[in-house]
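Enquirer: Submitted below is the structure of interest, expressed as structure tokens.
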Amino acid sequence: MGLELEKLLEKCLFGPHAGRDLVCGVSGGPDSAALLALACRFASDSGSAVTAVHVDHGIRADGSAEAAQVAALCDRIGAGLRIVRLELSDGPNLQARARDARRAALGPDALLGHTADDQAETVLLQLMRGGSVDALAGMRADRRPLLSLRRLDTERVCELVGYEPIRDPSNTDRRYLRTRVRHELIPLLCDIARRDVVPLLARSAELAAADTELLDGMAADVDPTNANELAIAPVALARRAIRGWLRTPVPTRHPPDAAAVERVLDVARGAHRATEVGGGRRVSRSSGELRIESARARDGDGPGDSMRGRLGSAHVTMAPQPQAPDSDLSSMLASDPAVGDVLVSGSQISERVAELGAQITADYAGREPLLVAVLKGAVMFASDLSRAIDLPVEMDFMAVSSYGSSTRSSGVVRILKDLDIDIAGRDVILVEDIVESGLTLSYLRRSLLARSPASLAVCSLLTREHNGSLDGVVDYIGFRLPPVWVIGYGLDLAQKYRNLTEIRAYASEAADDH
């Protein structure tokens, strides 16, 4: 038994920990129990102490019995024991939440019982999430001495020390992605390759880890706060420097997404003044220096709650009221029985557009927003709004189909004309004439957010009164109107009446269909 255990120990990576007291995370399963047994065998030559840390998550009813089983193992092989009890409830992301809680309880120096099989699963999982060379590198070996062992080896260690390991039922629960990779994907890959793919994946991870270590060393010479250095550095090193920088202020298990890194690169190259990077943060450039700051707009959805509060007091609710026509055209149409009362006069529109322009100017100070007008109804509003914004702005246009030439929405939204400008990393303001059910707006927001803008806000000339579903979705609102069909200032009925300078009710039966 002793000789077999020594041979397994020779395959482990305990060398860097020689002469130090060791702390091992021990759940009581075969891998962690083998880790503890091999650590005790390794430490016996140097007289170092080995302590097992067992975390009881409070999830399983037999948690106390499992802790007692780990305690018995520690007594048998001469290890110390510290038990940490937590309270986690069942629900979404249970494995991830349990893993994070266990990591915090173990501390940064605890050794972990991951094997080559775990490494293969990790590589596949990270590649499935779209990772690059860092994903291929998998888990680092510094705290994982058993990465050269297989699960069959850890089961054998438990047999050799006379320990019956605890079996975690979640390891066979197909609700979890890692479990499916373990029991479905890897066996399928082995079948397709006609060989065991675990050693191949583990070897690839080892080689990629060496490459990432070299790249990390080279990227350390690139100052991520210096826009010029980032702009002229090889792009692979610039990306790596940015990723490391974005993780430093708020350490996370996962690196920032690739789109955020590319947007920061665009800021460094001068394409944009700032961009959001997630987590309520943005990166801005000033005098050639990049800095991380609190984002004005969270999660790419445009201005934050504080701005929405200010705009809420500016919303105007209008009721039908007779007013003098604002143009000769309006005078002529006044005799048309289908054209109803003036709801918003041309002068009221001009005043409100000026207020919205001033608000956007203040909210986007130092930035260059891109106005995306939705054809055809928003053309007049977007044109006047652009002139009311005292900032450099660009404009682009989208055309969608929802109503066609009728007054009833078909419920199907189609893009008839797409953008000509790449909006990645841009501060985009979607300009609508009217938002009612929110169907078209929801479709457009999904489409635009998928293109990774730095932020996305919505400005609508009109919304409906008492439509609470749009609260927090439309950031800038001109007027709230009652549920009647309206025409004028870009809004039409069967492509007519867009050129009215005011907004009127349309008093025919068409309003009932709407």
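The values are calculated or read from the model by the stated rules, or taken from the named source; none is laboratory data. Note that the structure is a prediction, hence the values are computed from the model and not measured. Ideal geometry is used to build each Cβ from the backbone, glycine not excepted, and the neighbour counts take in all protein chains shown. When the accessible area is computed, the model is the full protein with side chains, heavy atoms only, and any ligands, DNA or RNA have been set aside. Shrake-Rupley method; radii C 1.70, N 1.55, O 1.52, S 1.80 Å.
Enquirer: Kindly evaluate residue 203 against the criterion of being open to solvent by 70 Å² or more (accessible area, probe 1.4 Å), farther than 21 Å from residue 132 by Cβ and among the basic types (Lys, Arg).
Expert: For residue 203, the condition - open to solvent by 70 Å² or more (accessible area, probe 1.4 Å), farther than 21 Å from residue 132 by Cβ and among the basic types (Lys, Arg) - is not met.
Enquirer: Please tell me if residue 223 is under 20 Å from residue 137 (Cα atoms) and assigned to a loop (DSSP other than H, G, I, E, B).
Expert: It is false that residue 223 is under 20 Å from residue 137 (Cα atoms) and assigned to a loop (DSSP other than H, G, I, E, B).
Enquirer: Name every residue in the range 157-198 that is among the β-branched types (Val, Ile, Thr), under 19 Å from residue 128 (Cβ atoms) and in contact with a helix residue (DSSP H, G or I) (Cβ under 7 Å, 6 or more places away or on another chain), in order of residue number.
Expert: 179, 181, 186, 197, 198
Enquirer: Given the criteria modelled with pLDDT under 90, open to solvent by 60 Å² or more (accessible area, probe 1.4 Å) and part of a loop (DSSP other than H, G, I, E, B), does residue 347 qualify?
Expert: No; evaluated as a whole, the condition is false for this residue.
Enquirer: I'd like the residue in the range 476-496 that is modelled with pLDDT under 85 and open to solvent by less than 30 Å² (accessible area, probe 1.4 Å) and, out of all such residues, is farthest from residue 438 (Cα to Cα).
Expert: 493
Enquirer: Just to confirm my filter: which helices (runs of 4 or more DSSP H) fall fully inside the range 1-91 and include at least 3 residues that are surrounded by 13 or more Cβ atoms within 10 Å (Cβ to Cβ), touching a strand residue (DSSP E or B) at 6+ places or on another chain (Cβ under 9 Å) and at negative phi?
Expert: So the answer is 30-43, 63-77.
Enquirer: Turning to a different aspect of this structure: Does residue 102 satisfy being out of contact with any helix residue (DSSP H, G or I) (no Cβ under 7 Å at 6 or more places or on another chain), under 21 Å from residue 159 (Cβ atoms) and surrounded by 13 or more Cβ atoms within 10 Å (Cβ to Cβ)?
Expert: no
Enquirer: Take the residues in the range 416-467 that are among the charged types (D, E, K, R), part of a loop (DSSP other than H, G, I, E, B) and within 23 Å of the chain's Cα centre (by Cα); name whichever of them is surrounded by the fewest Cβ atoms within 10 Å (Cβ to Cβ).
Expert: Ranking the candidates gives 422 first.
Enquirer: Another question, then. Do any residues in the range 165-184 that are farther than 19 Å from residue 198 by Cβ and small (Gly, Ala, Ser) have Cβ atoms under 9 Å from those of residues that are open to solvent by 50 Å² or more (accessible area, probe 1.4 Å) and assigned to a loop (DSSP other than H, G, I, E, B), where the two are at least six apart or on different chains, and which pairs are they?
Expert: 170/59
Enquirer: For the range 254-285, give me each residue that is more than 19 Å from residue 393 (Cα to Cα) and part of a strand (DSSP E or B).
Expert: 277, 278, 281, 282, 283 - these are the residues of the range 254-285 that are more than 19 Å from residue 393 (Cα to Cα) and part of a strand (DSSP E or B).
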